[in-house]
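Chemist: Mind looking over this structure? Questions follow.
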Amino acid sequence: MSLSKSARKKEAFPYGLAATAAILTAAAGVALGLSTPQAAGLRAWLDSLLAFSSAQVTWYITRAAGIIAYLLLWLSTAWGLAIPSKLLDRWLNRAFTFDFHQFISLLSLGFLGLHMFILTADRFLPYSLAQILVPFLSDYRPLWVGVGVIAFYLCALVSITYYLRQRIGMKAFRAIHYASLLAYLGATAHGIFSGTDSSLPAVFLMYTGTFLVILFLTVYWLAMALQKRKAAEVPSQ
Ligand code: HEM
């Protein structure tokens, strides 16, 4: 007899917890090992490879984490638009599409956390917690970094209300979920206007291509919704 979805989730939870604990313990072990005098040679080699001691390392990490967070947010938004339009149903079962949508949204938040909080360790332009959590306090491009802060809160709100949907009701949940499109647009403007790499042709193409996909899916979703409403208005013969 196949288990229900929630029973499967309950069953998988201890494994997830064990895996997370194992990864964290391994990471702590590696960090501890690397801090010993015996590991000086290995540290020097890793430093020559990854430039850990360079003043720019946190800047490289925030840019890389920002771009990954952006692409995951984009994928989650595109996926979220494709679900009600049933565009994926031909290839994927709905249980998977909902789980995947939830998973990539959380992954995007994870990379966002790295993108934001690594800035507190920046040696060139260190950010205070207030500058990370309160919009428009940043010394660097305050307007566009501020738009990023607002986009972050919208992402967090949409994710949190997913887990509170039984309590707040599906109507409120759906209304709040539309904010994910605003979060995506805010993150796009933030990345383009506060990002160092926006002028690179490949990065410019990334923003243009991802934005056009969302534009297409949004128009498709609206057209399908209008069609459905029209069909519902026509009295059945
Ligand atoms: C949904 C939320 C966010 C997303 C998807 C996001 C994504 C990005 C992307 C893609 C870039 C461009 C990186 C590059 O050109 O290499 C960027 C730049 C930046 N972001 Fe965010 N960000 C978000 C929120 C935030 C928040 C809350 C802060 C907090 C202060 C922040 C601080 C910065 C800074 C300082 C830069 C400039 C880094 C640079 O390129 O020199 N971002 N972000």
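The values are calculated or read from the model by the stated rules, or taken from the named source; none is laboratory data. Just so we're clear, the structure is a prediction, and the values are computed from it rather than from any experiment. When we count neighbours, we look across all protein chains shown, and the Cβ atoms used for this are built from the backbone with ideal geometry, even at glycine. Calculation scope for accessible area: heavy atoms of the full protein, side chains included, ligands and nucleic acids excluded. Shrake-Rupley method; radii C 1.70, N 1.55, O 1.52, S 1.80 Å.
Chemist: Has the stretch 167-174 got at least one residue that is in contact with a helix residue (DSSP H, G or I) (Cβ under 7 Å, 6 or more places away or on another chain) and more than 12 Å from the ligand (Cβ to nearest atom)? Reasoning before the result, please.
Modeler: Applying the first criterion (in contact with a helix residue (DSSP H, G or I) (Cβ under 7 Å, 6 or more places away or on another chain)) to the stretch 167-174 yields 168, 173.
Narrowing the set further to residues that are more than 12 Å from the ligand (Cβ to nearest atom) leaves 168, 173.
Yes; the residues of the stretch 167-174 include at least one that is in contact with a helix residue (DSSP H, G or I) (Cβ under 7 Å, 6 or more places away or on another chain) and more than 12 Å from the ligand (Cβ to nearest atom).
Chemist: Here are the criteria: (1) open to solvent by 50 Å² or more (accessible area, probe 1.4 Å); (2) under 17 Å from the mean Cα position of the chain (by Cα). Tell me which single one Leu137 does not satisfy.
Modeler: It fails just one condition, (2).
Chemist: Also: Does any residue of the stretch 84-98 turn out to be within 10 Å of the ligand (Cβ to nearest atom) and surrounded by 14 or more Cβ atoms within 10 Å (Cβ to Cβ)? If you could, list the steps in order and put the result at the bottom.
Modeler: Kept after step one, since they are within 10 Å of the ligand (Cβ to nearest atom), are these residues of the stretch 84-98: none.
Within the stretch 84-98, none of the residues are within 10 Å of the ligand (Cβ to nearest atom) and surrounded by 14 or more Cβ atoms within 10 Å (Cβ to Cβ).
Chemist: What's the total number of residues in the stretch 27-62 that are open to solvent by 60 Å² or more (accessible area, probe 1.4 Å) and touching an Asp or Glu at 6+ places or on another chain (Cβ under 6 Å)?
Modeler: Looking only at that region, the number is 1.
Chemist: From the list Ile132, Ile118, Ile67, Ile104, exactly one residue is modelled with pLDDT under 90 and surrounded by 17 or more Cβ atoms within 10 Å (Cβ to Cβ). Which is it? Spell out how you get there, then give the answer.
Modeler: Working: Ile132 fails: modelled with pLDDT under 90; Ile67 fails: modelled with pLDDT under 90; Ile104 fails: modelled with pLDDT under 90.
Going through Ile132, Ile118, Ile67, Ile104 in turn, the sole match is Ile118.
Chemist: Here's a check for you: in the stretch 115-143, which residue that is touching a helix residue (DSSP H, G or I) at 6+ places or on another chain (Cβ under 6 Å) and assigned to a helix (DSSP H, G or I) is farthest from the ligand (Cβ to nearest atom)? I'd like the intermediate steps shown before the answer.
Modeler: First, the residues of the stretch 115-143 that are touching a helix residue (DSSP H, G or I) at 6+ places or on another chain (Cβ under 6 Å): 115-116, 118-119, 121-122, 127, 132, 135-138, 141.
Narrowing further to those that are assigned to a helix (DSSP H, G or I): 115-116, 118-119, 121, 132.
On the way: His115: 5, Met116: 5, Ile118: 10, Leu119: 6, Ala121: 13, Ile132: 5 Å.
It comes out as Ala121.
Chemist: Right, next: Can we say Leu112 is among the hydrophobic types (A, V, I, L, M, F, W, C), within 10 Å of the ligand (Cβ to nearest atom), touching a helix residue (DSSP H, G or I) at 6+ places or on another chain (Cβ under 8 Å) and open to solvent by less than 80 Å² (accessible area, probe 1.4 Å)? Break it down stepwise before answering.
Modeler: Values: among the hydrophobic types (A, V, I, L, M, F, W, C): yes; within 10 Å of the ligand (Cβ to nearest atom): yes; touching a helix residue (DSSP H, G or I) at 6+ places or on another chain (Cβ under 8 Å): yes; open to solvent by less than 80 Å² (accessible area, probe 1.4 Å): yes.
Yes, satisfied.
Chemist: So, one more: Give, as residue ranges, the helices (runs of 4 or more DSSP H) completely inside the stretch 5-98 that count at least 3 residues that are free of Cβ contacts under 8 Å to residues at least 12 places away in the same chain and of a type outside the set (Ser, Thr, Tyr). Show your work before the answer.
Modeler: Numbers: elements: 5-34, 40-50, 57-82.
Passing ranges, in order: 5-34, 40-50.
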